[in-house]
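The block underneath contains the structure these notes are about, expressed in structure tokens.
The values are calculated or read from the model by the stated rules, or taken from the named source; none is laboratory data. This is a predicted model, so every value here is computed, not measured. Every residue, glycine among them, receives a Cβ derived from its backbone with ideal geometry; neighbour counts consider all protein chains shown. Surface areas here come from the heavy atoms of the whole protein model, side chains and all, with no ligands, DNA or RNA. Shrake-Rupley method; radii C 1.70, N 1.55, O 1.52, S 1.80 Å.
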Amino acid sequence: MNSPPRLFISYSWSTSEHEQWVIDLATELVNSGVDVVLDKWDLREGHDSIAFMEMMVTDPSISKVILVCDQVYASKADGRAGGVGTETQIISAEVYAKQSQDKFVAVIAEKNDAGKPYLPTYYKSRIYVDLSESDRYAENFEKLLRWIFDKPLYLKPEIGKPPSFIIEPDAPALGTSALAKRVIEGVKADKGYIRGALDEYLSLFSEHLERFRISPDESEMDDRIVKSIEDFTPSRNELIQIVTALAQYTDPQAYVPRVHRFFESILPYLSRPPHVNQWSETDFDNFKFIVHELFLYTIAVLLRSEHIESATYLLSQSYYVPGNSDYGKNPTVSYTAFREYMKSLEIRNQRLKSNRLSIRADLLEQRSKTSGVQFRHVMQSDFICFLRADLTHTDSYDRWWPETLLYATRYYGPFELFARSTSKSYLSRILPLLGVQNLDLLKEKLTEHASDRMNLPRWQFESFSPLTLVGFDQLGTKV
């Protein structure tokens, strides 16, 4: 068993009340597992008082020192008076010698009339622990204990492995960065060439997406799919930045038809090319993830900026896919075509014995951390796509599986759009987004889900509550 941390307390005999305050603090620390060295307990007749003070730096068993600061302590420290002055000479030499040190900390016992702590001059630029306020004493005492035991509340995570697109020079790239920069600069400066530059960028993006096609080889297919998704991260972030610029600096309604055509142009990547006659079910899974993620983020960014009508356009318009028999006789599809099942990730879960409810959901959550878009906005986008499909599509195959809502149990209230929809005027903008004409139709479907939750998407025993995520009882209750 590890020995308890040993701590020295430096303080001033200011008043009998202050001395008792220090004894009480020392007692609390001892009761919390700290071996406290205090003159009241450890300095006896016949002992060398100077040697006792020097223990702070000479005794290797003393790992922590606290300086209990009140007005008298600060004054004596600055004037080098009495025992505090002697201790100050010992302490300040150590503190000044090390810019970054974790052996000494000031504990504030008193503040002046302006609410400023009394601190020795040599310590004024350093972090302290404030125990002078009774209403925050418990919280700050915990901070002190964490410092003593070297158990901070927030730990820096271990440095992970660099993404493959950083360490592997042969990782594919779209070659669109120069065009992306031109589009973003044009949008911010309101240049007249924005439309043409955006067309050029999106066309090149769509064309060069072919560079990410995976060719057969001997390695595990699921490994290669995950690597391809990782390699695509810079290109994903680039498109997110462009959509964000359009949402922040323009009315995206003028450009959203072009974005719609862009998504039409990348739909064919989800299935076999016309010249391919032999393929397996997992051959295009990297594209299935990439296209799905791009669509989710585009909707998320538009909704985050409250461009609800632009998001409605992308969700309500059909997508034309000419000459592709995989979609049957109808050459147009709804937005639900952007989410397709990925068998490769199920294979990966089994092969690695990961026992994850959804590797795809995990990937989406982890990758959101480098996107510049908070995951809650991605989840909101996913939920809107699910709810609209549930409300408007009669074909059982025309559904949207909300991957990210596996994480919905983190949220205990409605998503932002629905929280704002307590306002009737705001709700009137949200209803077309969901494809319904009035609140009664929406409530009817939500009530249906509440009475038969087994029909909701599930991950083993995990699911979500549409009523909670829309704030059912508060919809349209305010003017």
Only four residue types carry charge here, +1 at the Cβ of Lys and Arg and -1 at the Cβ of Asp and Glu. Report the dipole size of the chain about the Cα centre in Debye, rounded to the nearest 20. 1200 debye
Please identify every one of the trypsin sites (Lys or Arg not before Pro) in the stretch 124-160 that sits in a loop by DSSP and has no more than 12 other beta carbons within 10 Å of its own beta carbon. Lys124
For the stretch 1-54, size of Cβ-based charge dipole, Lys and Arg +1, Asp and Glu -1, in debye: 140 debye
Please give the FRET efficiency for Thr15 paired with Lys353, using the beta carbon to beta carbon distance and R0 = 60 Å, rounded to the nearest 0.05. 0.35
Taking Rh as the Kirkwood radius computed over alpha-carbon pairs of the stretch 358-473 and applying Stokes-Einstein at 37 °C with viscosity 0.692 mPa s, one gets a diffusion coefficient in µm² s⁻¹ of 222 µm²/s
How much of the accessible area of the chain, probe 1.4 Å, is carbon plus sulfur, in whole percent? 50 percent
Relative contact order (%) - criterion: Cα under 8 Å, at least six apart; region: the stretch 335-435: 28 percent
Measuring from label point to label point, each 7 Å out along Cα→Cβ, what is the Asp42 to Asp398 span in nm? 7.8 nm
Label-point separation, Thr86 to Glu220 (7 Å along Cα→Cβ), nm: 6.7 nm
For the chain, what proportion of DSSP beta bridges, expressed in % and rounded to the nearest 5, is antiparallel? 20 percent
Once the convex hull of the C-alpha atoms of the stretch 115-244 is built, how many Å³ does it hold per residue, rounded to a whole number? 264 Å³
From the phi angles alone, apply the Karplus equation (6.51, -1.76, 1.60; θ = phi - 60°) to the stretch 67-82 and give each ³J(HN,Hα) in whole Hz, x where the residue is Gly or Pro. 10, 7, 9, 10, 5, 5, 4, 4, 5, 5, 5, 5, x, 6, 9, x
Report P(r) for the stretch 272-346: all Cα-Cα distances, bin width 5 Å, range 0 to the bin holding the largest distance, values in whole percent. 3, 13, 18, 22, 20, 12, 8, 3, 1
Could you pull out the trypsin sites (Lys or Arg not before Pro) across the stretch 1-45 that fall in loop regions by DSSP (anything but H, G, I, E, B) with no more than 16 other Cβ atoms inside 10 Å? Arg44
Given a 1.4 Å probe, the accessible area of the chain per residue, as a whole number of Å², is 51 Å²
Match the structure shown to one of the listed values (i) 69, 51, 47; (ii) 74, 54, 41; (iii) 102, 58, 52 of Cα extents along the principal axes in Å, computed from it, and give that label. (iii)
Exposed chymotrypsin sites (Phe, Trp or Tyr not before Pro) absent - longest run of the chain, DSSP non-H/G/I/E/B, at most 13 other C-beta within 10 Å: 1-153
Any idea what the dipole of the stretch 112-241 comes to, in debye rounded to 20, about its Cα centre with Lys/Arg Cβ at +1 and Asp/Glu Cβ at -1? 740 debye
Work from the charge dipole of the chain (Cβ charges, +1 for Lys and Arg, -1 for Asp and Glu, about the Cα centre) and give the residue of Ile62, Val470, Val183 farthest towards its positive end. Val183
Taking the 0 to 90 degree range and rounding to the nearest ten, how far is the long axis of helix 439-451 tilted relative to the main principal axis of the chain, both from C-alpha atoms? 70 degrees
Whole-Hz ³J(HN,Hα) for each residue in the stretch 128-134, computed from phi via Karplus 6.51 cos²θ - 1.76 cosθ + 1.60 with θ = phi - 60°, x for glycine and proline: what do you get? 10, 10, 9, 10, 7, 10, 5
Label model pair Thr477, Glu448: point-to-point distance (7 angstrom along the Cα→beta-carbon line) in nm is 2.5 nm
Given a cut-off of under 8 Å on Cα pairs at least six residues apart, what relative contact order in percent is computed for the chain? 9 percent
Relative contact order (percent) for the stretch 261-376, with alpha-carbon contacts under 8 angstrom and 6 or more residues of separation? 26 percent
Calculated FRET value between Thr332 and Asp150, using beta carbons and R₀ = 51 Å, to 0.05: 0.25
So what J values fall out for the stretch 267-274 if you push phi through Karplus, 6.51 cos²θ - 1.76 cosθ + 1.60 with θ = phi - 60°, rounded to Hz, Gly and Pro as x? 4, x, 5, 7, 9, 5, x, x
